[in-house]
Every structure is written in C-alpha cells, then in structure tokens.
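None of the figures in this text is laboratory data; all of them are computed from the coordinates on show. Not measured: the values here are computed from a predicted model. Here the Cβ positions follow ideal geometry from the backbone for every residue, glycine too, while neighbour counts run over all protein chains shown.
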Amino acid sequence: MSQQTVLVIDDERDIRELLTITLGRMDLLVDAVGTVTEARRALAEKHYDLCFTDMRLPDGTGHEVVEVISAEHPDTPVAMITAYGNVDAAVSALKAGAFDFVSKPVDIQMLRRLVRTALRLAEEKRSGQAAAKPDGNERLIGDSPAMQQVRSTIGKLARNQAPVYIAGESGVGKELVARLIHEQGPRATGPFVPVNCGAIPSELMESEFFGHRKGSFTGAVGDKEGLFQAAHGGTLFLDEVAELPLHMQVKLLRAIQEKAVRPIGAREEVPVDVRILSATHKNLAALVEQGQFRQDLFYRINVIELRVPPLRERRGDVPQLANFVLRQLATKSGGAPGQLLPAAQQALESYDFPGNVRELREHPGACDGDVRRRPGRRQRPDAAAAHAALPHRGGSSRGTYRHGFTRGTAPGCIAHRQRRSRRLHQQPGAHGDHQGAGGVAVQQDCGGEEAGDYVPGAALQVEEVGYRLRVVDMTRRAGLCPAFFVFGGWSDG
C-alpha cells in the first residue's frame, strides 16, 4: 500500500512544523505550504488523502480552500484550523463542506483521532464502499425545494464530525435524518445508538449513559457498558435531549468535551469515540433563556443546526408520501396498492397535519378493507372522496374499520357530529350517512344482516365522552341504536 499524503496550509511556521512532525510519526507523507496560491498549485499537481487549512491566510481564507477542494477534489476530506473560541467561523466552514475543525493550540491526541477518522473515510471512498451506502432519496420522501435542501445538507454534514442539532416538530422524521447522516458518513460501519432521553428515569440516567462497575450500588451484580461505550466508533443520537435533567446535562457536557466517560464505581475515565447527534421538538434556545437547559451544553451540541420542515410547509409532498405508505401497506398485505383520487388528494393537501408525517402514515392504514354499505344507498361526494383515499383489497366487500384521525380530530368531523345530533333531535327515526371519527364515510346501521363489524380504535378524548353521552340520550328518545355513537362505529344491536 502506498504512503498516504496530507497537505497542510498555514502561514504560521510553528504550526506547519508541529503538524508535519506529528503526522510524520503516523507514517504519513506531509506537504506544507503557507498561502492559498501555493495550495491551489499543490492540489493541481498531486492527489492528497487529507488536507488541513488555516482560517486566515495572507492571500485569502480557508473557506476558499474548502470550496476548491469540495468542487474539484470531493474525495479529499479537509479540516479547518481555527483560533481558540472562533467557533462561528468553524461552523461556517463545516457547512461549506469541511470534515472537521481543529482549535489552536492543537491538541495532539484529538488531532490523531481526527486524522484516523478522515483517512478511513478517504479509504472507503476509494474502495467503493461509500457507493453502497443508502440514498436519502429512497427513504426521505419528497421533491419539494425544502426537502431537496435537507438532503443536500445531510450529504454535507455526513462528511464532517461536528455535533448536529436536528430541530423540528414531532413526527417530521428527525430520527430518520439522523440515521441518514450516520449511514452516509465515515462512521457508517460503526453502531448507530438512538436513545430517547425522556424515557430514562432520572435515577438511572448516569448508569445508562456511562455504565457501572460490579458492586458500585445495590443491584449492580456485574459490569455494564453504557450507551457511550455501545456507540464507540459510531454515532449516539440523543432524541428529546431537552428532557435531560440539569444534573445530567453537566455530566453529558464533560463527556462530550473530554471524549471520555467514567462508569459509576470506576476510578479512571474510559475514552470513547462517538459522534453526537441530538434532536427535540422543543425550542432549546427558549429553554436556555428560561434556565431549564444549560447554555454551555446548548452550544456544544448545537454546533450545526439542521431544521426539518413540517408537512404543512411542503404540501406538494403529501401525495407522494401517501402513495409510498399505500405501497408499504400493500406489500405487507400482499394485495394491490390503493389509489388516491383527485378529490382525496386535494383533501389531504388542504389539511395541516399537526402530527406531520407520523399522522399521515396512520391515515391510509385506518381501514383494513372496504367499508361496507348497502347497495343503492346514497353517499355524499366528500364521503366518497375520503373513502377512495383508503386502500382496498380486491374481491372483498367487507372490511374492518380500525381507527382514523387521532382521537376524533379529523377535519370537520366534530362539527359534523354536532350537526348530526341536532338533526337527530329534530327528525326522530331518520337514517342517513354518517362521517366517522376517522373522516371515513360510513353508513348508519343499527343491526341486521347488512351491519359490519367494528373494532374500537383510538382512545376517546375526555371532551368527546360528555358529547357522546348526550347523543346516547337523544338517540334513545329517537328510537335509534345508541351504541353506534358511543363507540363511533358499527354495532350489532
């Protein structure tokens, strides 16, 4: 194997000499220059496996070098050398495509870890391993400009090692974005360890994150690795990081800064090599101002922020997402995928989806088959559109309605129930169509051979219970079957 080469660009002679000696001891061939012009000439004459560039140079900036390498030598990772505390400039370089940054004075151990990781990335690209990595287009659905920007940013962030904070509302796909950053980066062969910070009891957090030694506390019958050790060589994804208690934030900050953890009961720290990705649906900056989240930890995990847009900001992606979910359901059931009619597509695009992609994913699966209705019974056009949006199994006219919009919050369904209750009170004995809690058009039928089977779905909202009990009283006086309104679906009598 030929000796790997590194280009060092810095106008300070001491820094050039330090890097040349340190990298030479790692069996690397080093070329050192002091200006942007010399760097351009060196890059044109020779291929380099890694590049270090200072932020400020006599005839330009390190950003120019990063842009040249990203455009002309995309397989060469580049690290920025910055003055201590100049984090903003380093973040700007990372967004431009830099692999990582090194602060002056240079920490030799940190420098060696960075070099090993960067060279592993370059080797993977040369061997073709990177080509086999997942494509974000296949899993991050949507062709809107907002999603194209997200995919482009993921590609850039995957190349560097800086901590990334993924901001976005609940259900937008923050964990998927974190997985793509991991899988498209140099740590793809290492573990990806997601952890929901809000799901770990406060008294167990230190043991879960850092591990413990046998006998360190009651119940510690053996040594246990923590999440940091489990993610060694890979990525640790801290989901709902805003839920961390303050005492744990202090310990997490030290672990990130020192790249080492101390298991409970241990005397020495254990080095760990992990990349930190974090996410929350809350406003971390506001929590910092309120004193509920440490400012120093906020700046440590929020080196680069990636915002994932909510579904209402990319309504054009809704049909594509819905069709993707329908294909998934068809694959699981072994049938043909359902189709969205124009009216159903328009209805979906006009809805705000407060639950975002997670909510949309549940809607096409609200029905296991066709909602049975009597032949010749009239169906409203808006009900027909909603019904057509659901997947249907070929050859089956009988299905089971499971659940629809979360807790009866489908657009217009509450208002419709109120209108329906008034109509029932005014016209005892009347029969007609009814819009179910999931926005699916069904027929009111209180028994008989044409009645369908209903499986109770999502839990009722507290405010709905009182409303439905009032409807029960009205329907009894009207001589109708009250069970339909209590449970929101079909009844056998």
Lysines whose Cα lies under 18 Å from that of LYS214, excluding same-chain neighbours fewer than 8 positions away: LYS224
Inter-label distance, nm, simple model (7 Å from Cα along the C-beta direction), GLU269/ARG139: 3.2 nm
Label point distance in nm, ALA330-ASP107, each placed 7 Å from Cα along Cα→Cβ: 5.3 nm
Set of lysines with alpha-carbon distance to LYS46 below 23 Å, sequence-local pairs under 8 removed: LYS125
Pairwise label distance in nanometres, GLU203 with GLU123, each label 7 Å out on the Cα-Cβ vector: 4.7 nm
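Would you mind classifying the stretch 228-368 by shape? Square roots of the alpha carbon gyration tensor eigenvalues, ordered a ≥ b ≥ c; an a/c under 1.5 is rounded, otherwise it is prolate if a/b is larger than b/c and oblate if not.
prolate
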20 °C / 1.002 mPa s Stokes-Einstein diffusion coefficient of the stretch 257-331, Kirkwood radius on C-alpha pairs, µm²/s: 128 µm²/s
17 Å Cα-Cα reach of LYS95 towards lysines, excluding residues that sit fewer than 8 places from it in its own chain: LYS156
